[in-house]
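The values are calculated or read from the model by the stated rules, or taken from the named source; none is laboratory data. Remember, predicted model here, so these are calculated numbers, not experimental data. All Cβ positions, even for glycine, are placed from backbone atoms using ideal geometry, and neighbour counts span all protein chains on display.
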Amino acid sequence: MFFIMVAILTINEVTPIWEITETGNFTPFFVHDEGNIAISDKGDIFVLESTSTRLVRYDADGHRDRVVAIMGEGPGELANPLNVRFHEGYFYVLELIKRSIHVYKPDGTHVRDIAFIAPPFMRSVSTVQNGWAVADWEFSPTGKPIEVILYDQNSENPVVLGSWSRVKNDGANLVFVDKTRVAKYNPAKERHLMASSQDGKRLYVAIPGQPIKFLIYDVENKKLLKTVAKEDWRPLPFNDNWGDKRLAQYKEIAMKPGERGGGLRRVSAGYPDYFPVIRYFFEAADGNMVAVRWTGQPDTKLDVVVLDYDLNEIKSELSDEALLRVLAINSDIAFVSTLDDESESAGVAACRLSDVNAFVKSRSSNLVEAVSTGILMPIR
């Protein structure tokens, strides 16, 4: 029996073509959270190192090639980068403090910096055909309506595609009592979501509510193509036990003096009656659209729905976890997010596309919990 088990384990083991294990990041890379990694159509890899605020290039064979940019005030240098992405032949790094976009060639050469005139509190940006789509629904000090705005490649000529009232969230609100910071915490906020198709010709906006609605926009002609309502996608009752677990973790950060966003005097629960319907919405590496719906057990179960460009439910050859972890596909090679258990360092591996589901399964580790739990961020 022992020898039979060894044989089975050997068969199931998938060895990657190469793997980068040290990327200067400790939060795993996921497709739904465009952040610190981008991969070109030729396999060039740009990584934002969160530990050192550097932009590093790796070649298509996974070799560390050069430091492209460091923290500084000069052209192409970094201050507080939001994310890096590859789009239409170039790598782009979006800056919040500088309010600019750094543009680099795939070989790491700095091309130019673009002044970014988007709303100051924008937190959602999608790359679309010949430009950008920006939304400011994460926060507004004035409570003004949400807007989704299209900009051209130079971050100019804004066109408002749509505008909606903000969703009221009882949780995660920062208030002041006698000049003391106090917060209610809600780990499952209702919010709008935005994603673009792989070719950048379509932009999707998910509107919270019952039923949840998707607006599909024609980017080139800047018009609404159609609205899709998901009548059978129902919200589930909120899990207070799960909320209490997250609240305890949050308090460790938010009430600790000196931590980023920390020093709160009091944090209490602000849970909703129901989970929102959708947690993540994004375009997967295989070109399909993906919605990850909230479940009653968010730390242990994912509900992944694959959609075509018209938002009809379909099947993908990628497994549910692979849809979240395959960062890019170039021909027959898949680039997969990994996590080293011992060092807790985020990494990326290349494997044959035909092996990707088996590789993801063999390297699941604690990544499912990581994508379910998300990142505990202090209140801004």
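If a residue counts only when it is in contact (Cβ under 8 Å) with a residue 40 or more places away in the chain, which strands (runs of 3 or more DSSP E) contained entirely in the stretch 260-311 have at least 2 such residues? If you could, list the steps in order and put the result at the bottom.
On the way: elements: 266-269, 278-283, 289-293, 303-307.
Ranges flagged: 266-269, 278-283, 289-293.
Looking at the stretch 309-316, is at least one residue modelled with pLDDT of 90 or more and over 28 Å from Tyr217 (Cβ atoms)? So that I can check it myself, show each step before the final result.
Narrowing the stretch 309-316 to residues modelled with pLDDT of 90 or more: 309-316.
Within this subset, residues satisfying the condition of being over 28 Å from Tyr217 (Cβ atoms) are none.
No, there is no match, as no residue in the stretch 309-316 is modelled with pLDDT of 90 or more and over 28 Å from Tyr217 (Cβ atoms).
Does Asp218 fit the bill of being touching a Leu at 6+ places or on another chain (Cβ under 8 Å), among the acidic types (Asp, Glu) and without any contact (Cβ under 8 Å) to a residue 40 or more places away in the chain? Explain how you work it out, then say what you get.
On the way: touching a Leu at 6+ places or on another chain (Cβ under 8 Å): yes; among the acidic types (Asp, Glu): yes; without any contact (Cβ under 8 Å) to a residue 40 or more places away in the chain: yes.
Here the answer is yes, as Asp218 does meet what is asked.
When only residues in the stretch 284-333 that are over 17 Å from Arg352 (Cβ atoms) and among the basic types (Lys, Arg) count, which is surrounded by the fewest Cβ atoms within 10 Å (Cβ to Cβ)? Top of the filtered list is Lys315.
Taken over the stretch 312-334, the criterion of being in a strand (DSSP E or B) and within 16 Å of the chain's Cα centre (by Cα) is satisfied by Val326, Leu327, Ala328. With respect to (1) at pLDDT 90 or above; (2) over 18 Å from Val326 (Cα atoms); (3) in contact with a strand residue (DSSP E or B) (Cβ under 8 Å, 6 or more places away or on another chain); (4) not polar (S, T, N, Q), the lone exception for Gly74 is condition (3). Of all residues in the stretch 69-104, exactly one satisfies the criterion of being part of a loop (DSSP other than H, G, I, E, B), among the basic types (Lys, Arg) and either in contact (Cβ under 8 Å) with a residue 40 or more places away in the chain or in contact with an Asp or Glu (Cβ under 9 Å, 6 or more places away or on another chain) (or both), namely Lys98. When the criteria are applied in full, Asp299 fails the requirement of being under 19 Å from Lys230 (Cβ atoms) and acidic (Asp, Glu).
If you go through the stretch 202-222 and keep only what is charged (D, E, K, R) and either touching a strand residue (DSSP E or B) at 6+ places or on another chain (Cβ under 7 Å) or on the phi > 0 side of the Ramachandran plot (or both), you end up with Arg202, Lys213, Asp218, Lys222. Within the stretch 175-198, track down each residue that is at pLDDT 80 or above, outside any strand (DSSP E or B) and either on the phi > 0 side of the Ramachandran plot or of a type outside the set (Gly, Ala, Ser) (or both). Answer for the stretch 175-198, where residues must be at pLDDT 80 or above, outside any strand (DSSP E or B) and either on the phi > 0 side of the Ramachandran plot or of a type outside the set (Gly, Ala, Ser) (or both): Asn186, Pro187, Lys189, Glu190, Arg191, His192, Gln198. Within the stretch 127-174, the residues that satisfy the criterion of being closer than 15 Å to Leu215 by Cβ, modelled with pLDDT of 85 or more and not hydrophobic (A, V, I, L, M, F, W, C) are Glu147, Gly162, Ser163. Please identify the pairs in which a residue from the stretch 185-213 that is free of Cβ contacts under 8 Å to residues at least 24 places away in the same chain has its Cβ atom under 6 Å from the Cβ atom of a residue that is outside any strand (DSSP E or B) and of a type outside the set (Gly, Ala, Ser), counting only partners at least 6 apart or on another chain. Close Cβ pairs (under 6 Å, with a partner that is outside any strand (DSSP E or B) and of a type outside the set (Gly, Ala, Ser)) amount to Pro211/Glu231.
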